[in-house]
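See structure below.
The values are calculated or read from the model by the stated rules, or taken from the named source; none is laboratory data. Note that this is a predicted model, so its numbers are computed, not measured. Quick reminder, even Gly has a Cβ in these numbers, built from the backbone with ideal geometry, and neighbours come from all protein chains shown. Just the protein is used for accessible areas: all its heavy atoms, side chains included, with ligands, DNA and RNA removed. Shrake-Rupley method; radii C 1.70, N 1.55, O 1.52, S 1.80 Å.
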Number of protein chains: 2
Amino acid sequence: MGSSIAIINRSLHDQVASRIRDLIIEGSLEPGSRIDELQMLEELGVSRTPFREALRTLAAEGLVIVRPSKGSIVRKLTQEDVFSMLEVLGSLEKLAGELACERASDKEVEAMVQLHESMMECYRTQDRMPYYKMNQEFHSRLAELSKNETLQEMQSNIQARLKRIRYIGSQTPESWAGAVADHEEMILALKGRDATRLGKAMVAHLKKTWDRVKDGI
Amino acid sequence: MGSSIAIINRSLHDQVASRIRDLIIEGSLEPGSRIDELQMLEELGVSRTPFREALRTLAAEGLVIVRPSKGSIVRKLTQEDVFSMLEVLGSLEKLAGELACERASDKEVEAMVQLHESMMECYRTQDRMPYYKMNQEFHSRLAELSKNETLQEMQSNIQARLKRIRYIGSQTPESWAGAVADHEEMILALKGRDATRLGKAMVAHLKKTWDRVKDGI
DNA sequence: ATTTTGGATATTGTATTCAAAAGCCAAACT
DNA sequence: AGTTTGGCTTTTGAATACAATATCCAAAAT
């Protein structure tokens, strides 16, 4: 109900922005490559006005770079970029974890535990895609439990920029096992409302993410 | 030289965005009030295309809210908004401080000390405006010393959203004195390369900022 | 008197047009 | 041969024109 109306009501600009975001994340639009307006417009079936507005918001989100008079390109992340993002994300999720321990309701904590169980099930059956999706959900939800909107916004922004890389990242069986162990620790800390412990777990988790990812950039 | 060319080369869209940003910060555009396109276009002397693009980037930056088919408004910050921003800013500047202690060169630290001295001079002569400007500079520079671009970006984004409020904030003589004492502590920690101490100083400083500001929102 | 409805007006959203800048290639020159 | 110049083509930037939506007010109905 509400949601479908909301989708219909969204301005063309927003729809276009989402479409391009998806194309970037799934890799159809290669990092560093120029975005051909003409071709894009054809595919999306819109005119230049909403399209260019969409590019502006994507630029502000850090996914795209518009070079005046020279066309837009998909932002290509260097190793330094990714490192700096993970460093900040670590700090943000640390805060998220600490605040969640203080501010989340028992019900909310229980829901996190549930989600974790589902992830474990996927791990057992080696179901990559649903695990990946739930993992995103897990981190977003933790940010929500901080009850800090700015934190959520910043986290999801960095999350979006890293999405492609993260997916590539958690590939090897060992690294997956490591990630699972990290999540186990997080859940224990959250259940015990141990802010310090959860904070540390988040930082450690993101440090490992860097180790997994750094050679693939 | 380079800078002036860069300014000339900036697209109209960017110039318009900056102009509006300034209007918001200096308070000519009241939070919560509708932005009248027609009137705005007249004042700025541009057409709707670059203007609306500018609105999109400002929206992505969180300064403006565009309500589909109902016009844009200057984002109005609630107490919760400001609290959440300062909470995140605290975490970011804590990280910035810690990293700065590790990564800044002696020369850069020396430059910070210089800046601090200038601020002290302004405090002695009770020169509000230059102190305010240098204070912004101080915090931005600390973020730079972290050598983390994402951190700088996020910090400056929150900084921009809070600018108006912060200015209102540091008004009373006592609060100013308190802020000055905080900065004294920061400089000592930085000179001593004491990451933990500087981190704590940053968090404490932003907690106090909240106390100063909260009743004025 | 209050609510509802119809339509005129104002405002916003999108497409199209026009202008300017960058890219490209071939011819002329060193 | 390699480099520079001039103009043609493509692409981008900005303004205008057109369409859709919301807002407002008055008249009619309950």
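Observations
- Each peptide in A:56-66, B:27-37 receives the mean, over its residues, of other Cβ atoms within 10 Å, and ordering these scores from highest gives A:56-66, B:27-37.
- Per-atom-type breakdown for chain A gives carbon and sulfur 52% of the accessible area (1.4 Å probe, protein chains only).
- Accessible area that becomes buried as A packs against B, both chains, 1.4 Å probe, Å², nearest 100: 2500 Å²
- Formal net charge of residues neighbouring B:Glu174 (Cβ-Cβ distance under 15 Å; K, R +1; D, E -1): 0
- Per residue value of the accessible surface for segment A:2-74 (all protein chains in place, 1.4 Å probe), Å²: 55 Å²
- Using the Cα coordinates of segment A:37-147, the gyration tensor eigenvalues translate into equivalent-ellipsoid semi-axes of 36, 19, 15 Å, sorted from longest to shortest.
- Per residue, segment A:79-216 exposes 45 Å² of solvent-accessible protein surface, assessed with a 1.4 angstrom probe and all protein chains in place.
- The residues of segment B:41-87 listed by number as losing at least 20 Å² of accessible area in the complex, against the isolated chain and with a 1.4 Å probe, are B:Arg52, B:Glu53, B:Arg56, B:Thr57, B:Ala60, B:Pro68, B:Ser84, B:Glu87.
- Counts of other chain beta carbons within 10 angstrom of each beta carbon in peptide A:88-94 average 5.
- Residues of segment B:135-150 buried by at least 40 Å² on assembly (accessible area, 1.4 Å probe, chain alone as reference): B:Asn148, B:Thr150
- Cα gyration tensor category, rounded, prolate or oblate, for the protein assembly as shown with a/c compared to 1.5: oblate
- Accessible surface of B:Thr196, taken over heavy atoms with a 1.4 Å probe and every protein chain present, rounds to 90 Å².
- Sorted from closest to farthest, the other copies place their A:Glu30 label points 5.4 nm away, with each point set 7 Å from Cα along Cα→Cβ.
- Local net charge near A:Asp106, Cβ-Cβ under 11 Å (Lys/Arg +1, Asp/Glu -1): +1
- Using every pair of distinct Cα positions in segment A:30-89, the Kirkwood expression returns a hydrodynamic radius of 12.6 angstrom.
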